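Structure first, commentary second.
Where a number appears in this text, it was derived from the coordinates with a stated rule and is not lab data. Being a predicted model, the structure only gives us computed values, none of them experimental. Backbone-built Cβ (ideal geometry, glycine too); neighbour counts: all protein chains shown.
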Amino acid sequence: MMEDTDSQLLRRYKRGQVDALEQLVERYKRPLYGFIYNMTRCKEEAEEIFQEVWFRAIKNIAMYKEDNFSGWLTRIARNIVIDRIRRRKPDFNLDQETDDGRSMVQTLAGRDPNPGMLVEDMDTGTRIANAVEKLPAEQKEVFLMRAQADLSFKEIARAQKVSINTALARMQYALSKLRIVLKRDYEDLAN
Amino acid sequence: MECEEAHCLILLADSSELLPLKAAELETHLSSCANCRLYRDIATDLISCARKHLPADGPDEVVLARIRTAAQEQISGAGLEFRHTIVQLLAYAAVLALLVGGWFLLSTTKQPAGRDNHPDTAASAKSEQIGHINTIANALSEFSYNQEQELNEQQNGATKKQNINELAHQLLILEGLASEDATDDEVIVPDVELLPTDLRSSNTSGLLSKECV
């Protein structure tokens, strides 16, 4: 049995079927939460933002008329993440730890927790996450929107308010940097 | 095709945004460029590996429950507004149905004896139209009369009657049953205050005598 499309689920929800929205939440749980988590690298904050994204989506769902629901959700998420960063800047706690044991200082500086630790001692996800963390902000955002949230470059360009060519260029820079960082492990990752 | 352009197209192909024509051009380029084939393999592998291995377990069940609750509350609130809107729409529909139904009912009412004995079919049609227009004028008069009870009484009846006469005159002009030069005497409109139903037929016969010659 074919799954309902996003549009069909939205129509059902607008007609009063709450389970339709639950299906949408489930469908985008991993890509959306993954994007938020890898942007913030903090589970608590990612959960708060994930919840806030859906609260805003539910509130404005009557006015939603686009054809890419995941793009809309990701744009909302991105805006909330940026707002939080800007709002917290005055009170930013440099000693606050992220889930992978790094301090915010290290996160900001893009340093590994143990510079001497071999990359192959970490699990695959951590290696990729650390490599992504080292990317410049716009490139990291493009890479996560593409790889995690599975947005098209058209949607990515719209979210970042740049041209498609700029979004593509940022992705190419991100890939070339990741390739260098993960060079030794690339065959393992590919396998 | 240059390799720089090919790299962009490779990324667009991975996101399924490439048009068939461009996809064909890319394939032609890749068939003869080993560097671009290597770039394609690395790019797609990196993206799929990241998608597979980047941490993304999902939020706790508590968060999902809160979202569920918010969705339910939104539906309940929207449902109340929806019902209110439906009631309003039904009220408007009922008023409109009354007007249209009354118009149809009156238009199918038999004409009084002696009125429509003229053998000319066009004249009969005209008399029907005149009857319809007078019916509309009656309805407008009644509506206007009822509104007058609520509005400011500064507008006097003569002005109101004149307004209704002018409206009825315009309707007749549209139907081709009166000329723009016609005087008020030639346009028979029921008196607003009296709303006599019997005047409809007498008015119609009066107009016939002037128009259907």
Practice task
For residue B:69 paired with residue B:32, estimate the spin-label separation in nm (one decimal), with each label point 7 Å from Cα along the Cα-to-Cβ line.
Solution key: 6.5 nm
Practice task
Sort A:143, A:55 so the one with the fewest other Cβ atoms within 10 Å of its own Cβ comes first.
Solution key: A:55, A:143
Completion exercise
With R₀ set to 51 angstrom, the calculated FRET efficiency between the beta-carbons of residue A:30 and residue B:107, to the nearest 0.05, is 0.20
Completion exercise
Those trypsin sites (Lys or Arg not before Pro) from segment A:1-85 that are DSSP loop and have at most 14 other Cβ neighbours within 10 Å turn out to be A:15, A:65
Practice task
List B:26, B:172 from most exposed to least, where exposure is judged by having the fewest other Cβ atoms within 10 Å.
Solution key: B:26, B:172
Handout entry: Shielding score for B:35-46, defined as the mean number of other chain Cβ atoms within 10 Å
Key = 3
Completion exercise
Expected sort for A:50, A:35 with the fewest Cβ neighbours (10 Å cutoff) up front is A:50, A:35
Handout entry: Square roots of 5 times each gyration tensor eigenvalue, C-alpha, segment A:1-85, largest first, Å
Key = 23, 13, 11
Problem - For B:59-66, mean number of other protein chain Cβ atoms within 10 Å - result: 5
Handout entry: Shape of segment B:21-60, Cα gyration tensor, a/c cut at 1.5
Key = oblate
Handout entry: Projected label distance in nm at residue B:22 and residue B:41, using a 7 Å step from Cα toward the beta-carbon
Key = 2.5 nm
Practice task
Over the whole of A:174-183, what's the average partner chain Cβ count within 10 Å per residue? Rounded to a whole number, please.
Solution key: 3
